[in-house]
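Each remark here refers to the structure printed beneath this line.
The values are calculated or read from the model by the stated rules, or taken from the named source; none is laboratory data. Remember, predicted model here, so these are calculated numbers, not experimental data. Quick reminder, even Gly has a Cβ in these numbers, built from the backbone with ideal geometry, and neighbours come from all protein chains shown. Accessible surface areas use protein heavy atoms only, side chains included; no ligands, DNA or RNA. Shrake-Rupley method; radii C 1.70, N 1.55, O 1.52, S 1.80 Å.
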Amino acid sequence: MKILVCISKTPDTTARIAFKDDNTKFDDAGVQWIINPYDEWYALVRAIELKEKDPSVVIHLITVGGPDCDPVIRKALALGGDQATRVNSTEADSFNIASQISAIAKEEKYDLVMTGKETIDFNSASVGGMISELLEYPYVSLATKFDLSGETATITREIEGGEEMVEVKLPLVVSCQKGMAEQRIPNMRGIMSARTKPLKVVEPTAVAATTQYLNFGMPPAKAGVKLVAADNVAELVRLLHEEAKVI
Amino acid sequence: MVLIYIDHSEGQIKKSSFEALTYGVELAKLLGTEANGIIAGTIDENPEDLGQYGIGKVFQVNNPELNAVDAAVLANVIARAAKENDAKEIIFSHNTTAKTIAPRVAVRLNAGLVSGATALPELTDGFIVKKSVFSGKAFANVKILTDTKIISLNPNSFHTTKNETGKAELVQLNIPVPASSIKVISVNKVRGEVPLTEAEIVVSAGRGLKGPENWGMVEDLAKTLHAATACSRPVADSGWRPHHEHVGQTGIQIAPDLYIALGISGAIQHLAGVNRSKTIVVINKDPEAPFFKSADYGIVGDVFEVVPKLTEEIKKIL
Ligand SMILES: Cc1cc2nc3c(=O)[nH]c(=O)nc-3n(C[C@H](O)[C@H](O)[C@H](O)COP(=O)(O)OP(=O)(O)OC[C@H]3O[C@@H](n4cnc5c(N)ncnc54)[C@H](O)[C@@H]3O)c2cc1C
Ligand SMILES: Nc1ncnc2c1ncn2[C@@H]1O[C@H](COP(=O)(O)O)[C@@H](O)[C@H]1O
């Protein structure tokens, strides 16, 4: 059983969001980089739990990014996983990222490819689905539970207005969100062993981009809060009805 | 031709699909082309009525197998329908269905995909779509470089325009449906409640409510407003409320017309899920609560006193 976990690097959830170079780049001054929470807490930790149950499970990690991703992928290795690959490309196009990952996954013939539901910076929710199409694997998105019995996965996933439980045979691609596993903190042994785990850097294959991020901006700031006294709730209702026109 | 994917569940068309229809129709006008819809599967309503949203034709692959969301199967069918009918722009509403199938359709059609779009594209210098990034804290302008283009529109970020007399021509498509490899064991839908992502009004409560036994007043307010209920993460983590109500960076991201936050401090990770709401009302006893900085209206006060009064006052005007 071979699992591939896709790891992306994102700014910390409390990071100040600002842009530089004529608003064409994210301003990362003072920003702390983390493993995208969906990739870490849900995809990776669930993969580690599967390995704890069945030690024959092999976990590979992959990230597509520049050398500044190395500390993040090392942290992922400290949590668990046997080895990692970084595809040395800073391309932001989802199709390009999915193509880089699929090129490697095709060689390695993984039984299970796990991604997060989306990255918290670009919020595309695209890479997992694209990998599944490129590999011609089934795709179960937005999973909140994942169990494995032999070659069959039983997965609970979010659907519009509820959830459903499905059964799928391996191999497959699953995108993970809250519910899959509980957050963990790497321990000392994990951190020490991560230093010696293999981190292979490979060059990207040539793929034509399908989209291009031109520039960024901030939504207009709020005008400021209008406070209403606690003993004058009727005034709040009047404002919502007549001014904001939302009720 | 602009092709709009019409999402449905249990025979009902999703509200967000109507926004996608209006978006697609307005996009077709900008491009000087026609707008048509596509239904994969079966619906209870008469598909011809979708003409009310301004589309000329509605294509249907009338096979109940397609009512289940299997990305591989749906992508196969939609991509084929798009190709055979020469659709160059495909519009989805960015809900759980689109997140599952749009990326696969994009790969099949070699199309650039922009998900989480919030406005019609700029066409003066290519095809540039504005989308929400950093969980609603910022936006990006993304250029689609391919001939075929796919846009997945954020729910609640575009209006709907309806004309009661419109009729669309129903065109049945004869596309074979591949066998699904995903077996659905059980479906668990929240019934009788407004789904959170589609709700126009959301009433949300946090740790300030003290315990699950106090949610009665939250539900009363929500019911009065025909609103959905939501909660902060610690509330879901403590099991006070179900996980599907958890909004924020690691929960569901919503953009209702009105978001009412009761006893929620307004941590940055919470705001990431709700800051695209059009109007935000905050009720918190702490005047220093960070949420007031992102609010449009606020009351500094005790939720246990203010909320029942608020429900009473709203009943008077409805
Ligand atoms: C990586 C990460 C991701 C996270 N993701 C999310 C997320 O997706 N969603 C989320 O919500 N949080 C998330 N959090 C947690 C977040 O940081 C906050 O801890 C959380 O939002 C606080 O919830 P709260 O506002 O309900 O509780 P608190 O912060 O405890 O606030 C309770 C508020 O209630 C007020 N209050 C108390 N009693 C009353 C009363 N009687 N009347 C009126 N007001 C009263 C208090 O003044 C206070 O402001 C995340 C954190 C991290 C680190
Ligand atoms: N650069 C990347 N390298 C590796 N995995 C990625 C990368 N970008 C996205 N992913 C994976 O794909 C998921 C969805 O990302 P996205 O489609 O960009 O929202 C993430 O949660 C990751 O698991």
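Per-structure values
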{"item": "Pairwise centroid distance, computed over Cα atoms, of the range B:44-112 with the range A:168-223, Å", "result": "29"}
{"item": "Derived scalar couplings ³J(HN,Hα) [the range A:10-27; Karplus, 6.51 cos²θ - 1.76 cosθ + 1.60; whole Hz; x for Gly, Pro]", "result": "9, x, 3, 4, 9, 4, 6, 9, 8, 10, 9, 6, 6, 6, 9, 9, 5, 8"}
{"item": "The range B:243-308 - Rg (one decimal) and Dmax (whole number), Cα, Å", "result": "11.3, 31"}
{"item": "The range A:1-70: projected area of the alpha-carbon convex hull, averaged over directions, in nm²", "result": "5.6"}
{"item": "Translational diffusion coefficient (Stokes-Einstein; Kirkwood radius from C-alpha pairs) of the range B:52-174 at 25 °C, 0.890 mPa s, in µm²/s", "result": "157"}
{"item": "Extension gain from A:Thr154 to A:Ile185, taking 0.36 nm per residue of separation minus the Cα-Cα distance", "result": "8.5 nm"}
{"item": "Amide H within-cut-off set for A:Ile34, under 5 Å, with H built and near neighbours excluded", "result": "A:Thr10, A:Asp12"}
{"item": "Residue list for the range B:123-143, given a label point 7 angstrom along the Cα-to-Cβ vector of A:Thr24 and an amide N cut-off under 18 Å", "result": "B:125-129, B:140-143"}
{"item": "Enclosed volume per residue, in Å³, of the convex hull spanned by Cα atoms of the range A:47-177", "result": "112"}
{"item": "Percent breakdown of C-alpha pair distances by 10 Å bin, ordered from the shortest bin, for the range B:188-242", "result": "25, 55, 21"}
{"item": "Those trypsin sites (Lys or Arg not before Pro) in the range A:178-240 that DSSP places in a loop and that have at most 15 other beta carbons within 10 Å", "result": "A:Arg184, A:Arg195, A:Lys222"}
{"item": "Span per principal axis, largest first, for the Cα atoms of the range A:163-202 (Å)", "result": "40, 28, 15"}
{"item": "The range B:124-255 - Rg over Rh from alpha carbon coordinates, Kirkwood radius", "result": "1.07"}
{"item": "Cβ-defined net charge surrounding B:Val133, 12 Å radius [Lys, Arg +1; Asp, Glu -1]", "result": "+2"}
{"item": "FRET efficiency, A:Asp12 to B:Lys293 (Cβ-Cβ, R0 25 Å, nearest 0.05)", "result": "0.80"}
{"item": "Virtual spin-label span in nm between B:Lys223 and B:Asn85, 7 Å along Cα→Cβ", "result": "4.3"}
{"item": "Kirkwood hydrodynamic radius of the range A:100-174, from inverse mean 1/r over distinct Cα pairs, in Å", "result": "12.9"}
{"item": "Modelled FRET efficiency - R0 51 Å, B:Asp44 with A:Lys106, Cβ distances, 0.05 increments", "result": "0.75"}
{"item": "The protein assembly as shown - percent of accessible surface contributed by carbon and sulfur, probe 1.4 Å", "result": "50"}
{"item": "Magnitude of the charge dipole, chain A, Cβ model with Lys/Arg +1 and Asp/Glu -1, debye to 20", "result": "680"}
{"item": "Measure of compaction for the protein assembly as shown (Cα Rg per 2.2 N^0.38 Å)", "result": "0.96"}
{"item": "Simple label model, 7 Å out from Cα along Cβ direction - B:Glu213 to B:Leu145, nm", "result": "6.2"}
{"item": "Hydrodynamic radius (Kirkwood) for the range B:201-275, which is based on Cα pairs only, to one decimal in Å", "result": "11.9"}
{"item": "Selection from B:Pro308, B:Ile260, B:Ile283, by position along the positive dipole direction of the range B:238-318 (Cβ)", "result": "B:Ile260"}
{"item": "Pairwise FRET efficiency - A:Asp231 versus B:Asn110, Cβ, R0 = 56 Å, nearest 0.05", "result": "0.35"}
{"item": "Estimated D of chain A in µm² per second, where Rh is the Kirkwood radius over Cα pairs and Stokes-Einstein applies at 10 °C, 1.306 mPa s", "result": "80"}
{"item": "Shielding of B:74-80 by partner chains, average beta-carbon count, 10 Å", "result": "1"}
{"item": "Tilt relative to chain B, helix B:303-317 - C-alpha long axis, 0 to 90 degrees, to 10", "result": "60"}
{"item": "Accessible-area order (highest first, 1.4 angstrom probe) of the listed residues A:Met114, A:Met165", "result": "A:Met165, A:Met114"}
{"item": "The range A:55-66 - phi-based ³J(HN,Hα) in whole Hz, Karplus 6.51/-1.76/1.60, Gly and Pro as x", "result": "x, 6, 5, 10, 10, 10, 10, 9, 9, 10, x, x"}
{"item": "Shielding by partners - mean other protein chain Cβ count within 10 Å, residues of B:283-289", "result": "1"}
{"item": "Around A:Ile131: net Lys/Arg minus Asp/Glu count, Cβ-Cβ under 12 Å", "result": "0"}
{"item": "Accessible surface, 1.4 Å probe, highest first, among residues A:Met1, A:Met130, A:Met218", "result": "A:Met218, A:Met1, A:Met130"}
{"item": "Stokes-Einstein D (µm²/s) once Rh is taken as the Kirkwood radius of chain B over alpha-carbon pairs, at 10 °C in 1.306 mPa s", "result": "76"}
{"item": "Probe 1.4 Å - accessible area at A:Ser94, Å² to nearest ten", "result": "20"}
{"item": "By accessible area with a 1.4 Å probe, ligands and nucleic acids excluded, highest first: order of A:Val140, A:Val202", "result": "A:Val202, A:Val140"}
{"item": "For the range A:124-247, the spread of Cα positions along each principal axis, largest first, Å", "result": "63, 41, 38"}
{"item": "Inter-chain Cβ neighbour average for residues B:300-311, partner chain, 10 Å", "result": "3"}
{"item": "Convex hull per residue volume in Å³, alpha carbons only, for the range A:64-130", "result": "104"}
{"item": "Relative contact order for the range B:66-221, counting Cα pairs under 8 Å that sit 6 or more residues apart, in percent", "result": "23"}
{"item": "Model label zone, B:Thr124; criterion: amide N under 20 Å from point 7 Å along Cα-to-beta-carbon; scope the range A:1-36", "result": "A:22-24"}
{"item": "Partner lysines for B:Lys143 [C-alpha distance under 16 Å; skip if fewer than 8 residues away on the same chain]", "result": "A:Lys25, B:Lys88, B:Lys130, B:Lys131"}
{"item": "Most to least packed among B:165-171, A:82-88 [average Cβ atoms within 10 Å]", "result": "A:82-88, B:165-171"}
{"item": "Distance-filtered residues of the range A:218-247 - backbone nitrogen under 16 Å, label point 7 angstrom along B:Glu312 Cα→Cβ", "result": "A:230-238"}
